[in-house]
Amino acid sequence: MNIAILSGDGIGPEIVAEAVRVLDVLDLRFDTESALVGGAAYAALGHPLPEATLKLAQGADAVLFGAVGDWKYDTLERSLRPEQAILGLRKHLGLFANFRPAICHAQLTHASSLKPELVAGLDILIVRELTGDIYFGRPRGRRDAPDGEFTGHPEAFDTMRYTRPEIERIAHVAFQAARKRAAAGGHQGAGARVTSVDKANVLETFQFWRDVVTEVHAQYPDVALDHLYVDNAAMQLVKAPKAFDVIVTGNMFGDILSDEAAMLTGSIGMLPSASLNAQNRGLYEPSHGSAPDIAGKNIANPLATILSLAMMLRYSLNQPEAALRVEAAVTRVLESGLRTADIWSEGTQRVGTREMGSAVVAAVKAA
Ligand code: IPM
Ligand code: MG
């Protein structure tokens, strides 16, 4: 088995380094190989997703990804911007199913901006479609100008589009995930439930989405399905987040709602994600971004990346026990009171990125 390590920009290298240290102490025989991606690749090689990086990712059993993006590159034409690297990887590897769990660790209930009773025990899963929607529609606008300057376009647009097979396959993924969670005793003991989030009242694309999800649901009589408009879903997420089990939604709405859900848990610095293709090969990355403002300062939270490593062990590398070991180590470290700045609260001990990584490494070793 081999793992491609793509650290990227901003805090990416720091947080990925800690996850790699955790991987190393697991004593599993994996080969790892690193490559440049994002702004770092553009700066060194002139392209955010160089051919060699894409080849490495395509040949790997799994990809561990940090984050991409930096304001430095904001004025580049769109095709050269760091974000194109992650979008290109998702597209080329066919990573259509994005799992973004939002779990509130018991020790962090007070780090949430919501009242503790609203988030205590929160465990929801956002299933975001990742290779369609307005993200991959036809764009037109300022960055199309060859010199990167606005040259007097009268308009700008991006087209929103979903095909039936694209909706069907993500709906199947969501219903099956809900089933698995229920079998494992999830969703506070209540039965499996999928909430499909759309904007069917305004957009044809999402009326179609709603129709197709409803059709697929006929094959899952044991899973409850309801539909919410995205604006209402955004509200319900802060009003009563524990009412949700699995949320399935498109690329754009999933991007927004997953940031919102992440914050419910105290910090976006805690949340891992997995992006899988039809063969269960995947790319694993923290749900947060590259945070260039805190890069290189040893203050970023490496736990989302470390927990993404756990997801990788479980979903792509068939090492469920190692995954549990990593997750249990993270829990123990939180129990011991160590906190990076983003999750720090009165009475806990503030540590840096490196120290947090070392504590998880030690906890893995001790287990
Ligand atoms: C995410 C990020 C990306 C997205 C960016 C970096 C392109 O926000 O993974 O959520 O919008 O999908
Ligand atoms: Mg996002």
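The values are calculated or read from the model by the stated rules, or taken from the named source; none is laboratory data. From a predicted model like this one, the values you see are computed outputs, not experimental measurements. Glycine also receives a Cβ, built like all others from the backbone with ideal geometry; neighbour counts cover every protein chain displayed. These area figures cover heavy atoms from the full protein model, side chains too; ligands, DNA and RNA do not enter into them. Shrake-Rupley method; radii C 1.70, N 1.55, O 1.52, S 1.80 Å.
Data overview
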| read-out | value |
| --- | --- |
| Contacts under 8 angstrom Cβ, first residue in the range 96-107 being closer than 24 Å to Ile134 by Cβ and basic (Lys, Arg), partner open to solvent by less than 20 Å² (accessible area, probe 1.4 Å) and part of a helix (DSSP H, G or I), 6 or more apart | Arg100/Gly254; Arg100/Ser258; Arg100/Ala261; Arg100/Ala262 |
| Yes/no for Tyr315 being within 19 Å of the chain's Cα centre (by Cα) and away from ligand 2 (no atom under 16 Å from the Cβ) | yes |
| Options Ser267, Ser273, Ser258: the member that is modelled with pLDDT under 95, within 16 Å of ligand 2 (Cβ to nearest atom) and under 21 Å from Phe136 (Cβ atoms) | Ser258 |
| Exclusive hit being open to solvent by 50 Å² or more (accessible area, probe 1.4 Å) and part of a helix (DSSP H, G or I), set Phe253, Phe208 | Phe208 |
| Filter result for Ile167 (open to solvent by less than 40 Å² (accessible area, probe 1.4 Å), under 30 Å from Val37 (Cα atoms), assigned by TED's automatic domain parsing to the domain that holds Asp211 and under 21 Å from the mean Cα position of the chain (by Cα)) | yes |
| Extreme residue, nearest to ligand 2 (Cβ to nearest atom), among residues of the range 280-294 that are of a type in the set (D, E, K, R) and modelled with pLDDT of 95 or more | Glu285 |
| Filter result (of a type in the set (A, V, I, L, M) and touching a residue at least 40 places away in the same chain (Cβ under 8 Å)) within the range 226-247 | Val238, Ala240, Val246, Ile247 |
| Residue match in the range 311-330 (condition: within 16 Å of ligand 1 (Cβ to nearest atom), polar (S, T, N, Q) and more than 17 Å from Ala359 (Cα to Cα)) | no |
| Members of the range 34-70 found to be within 16 Å of ligand 2 (Cβ to nearest atom) and not acidic (Asp, Glu), listed by number | Gly38, Phe65, Gly66, Ala67, Val68, Gly69 |
| Residue tally, condition within 13 Å of the chain's Cα centre (by Cα) and open to solvent by less than 10 Å² (accessible area, probe 1.4 Å), over the range 256-268 | 4 |
| Failed item, numbered, when Asn201 is tested on (1) buried (at least 17 other Cβ atoms within 10 Å of the Cβ); (2) away from ligand 2 (no atom under 16 Å from the Cβ) | (1) |
| Selection count, the range 335-353, where residues are in a helix (DSSP H, G or I) and either crowded, with 16+ Cβ neighbours inside 10 Å or on the phi > 0 side of the Ramachandran plot (or both) | 4 |
| Restricting the range 256-267 to residues that are assigned to a helix (DSSP H, G or I) and in contact (Cβ under 8 Å) with a residue 60 or more places away in the chain, the residue that is nearest to ligand 1 (Cβ to nearest atom) | Ser258 |
| Conditions (1) away from ligand 1 (no atom under 16 Å from the Cβ); (2) within 21 Å of Thr353 (Cα to Cα); number of the one not met by Ala243 | (2) |
| The range 108-117, subset open to solvent by 50 Å² or more (accessible area, probe 1.4 Å) and touching a residue at least 60 places away in the same chain (Cβ under 8 Å), residue farthest from ligand 2 (Cβ to nearest atom) | His110 |
| Residue among Ala323, Ala233, Ala304, Ala243 that is open to solvent by less than 10 Å² (accessible area, probe 1.4 Å) and not assigned by TED's automatic domain parsing to the domain that holds Val25 | Ala233 |
| Residue check, Gly282 more than 11 Å from the chain's Cα centre (by Cα) and not assigned by TED's automatic domain parsing to the domain that holds Ile167 | yes |
| Subset of the range 187-198 (residues that are surrounded by fewer than 20 Cβ atoms within 10 Å (Cβ to Cβ) and not in a helix (DSSP H, G or I)) | Ala190, Gly191, Arg193 |
| Boolean, Pro302 is more than 16 Å from ligand 2 (Cβ to nearest atom), free of Cβ contacts under 8 Å to residues at least 24 places away in the same chain and at negative phi | no |
| Hits in the range 48-60 - residues which are in contact (Cβ under 8 Å) with a residue 40 or more places away in the chain, closer than 15 Å to Gly94 by Cβ and of a type outside the set (A, V, I, L, M, F, W, C) | Gly59 |
| Selection within the range 121-160 - open to solvent by 20 Å² or more (accessible area, probe 1.4 Å), part of a loop (DSSP other than H, G, I, E, B) and modelled with pLDDT of 95 or more | Met160 |
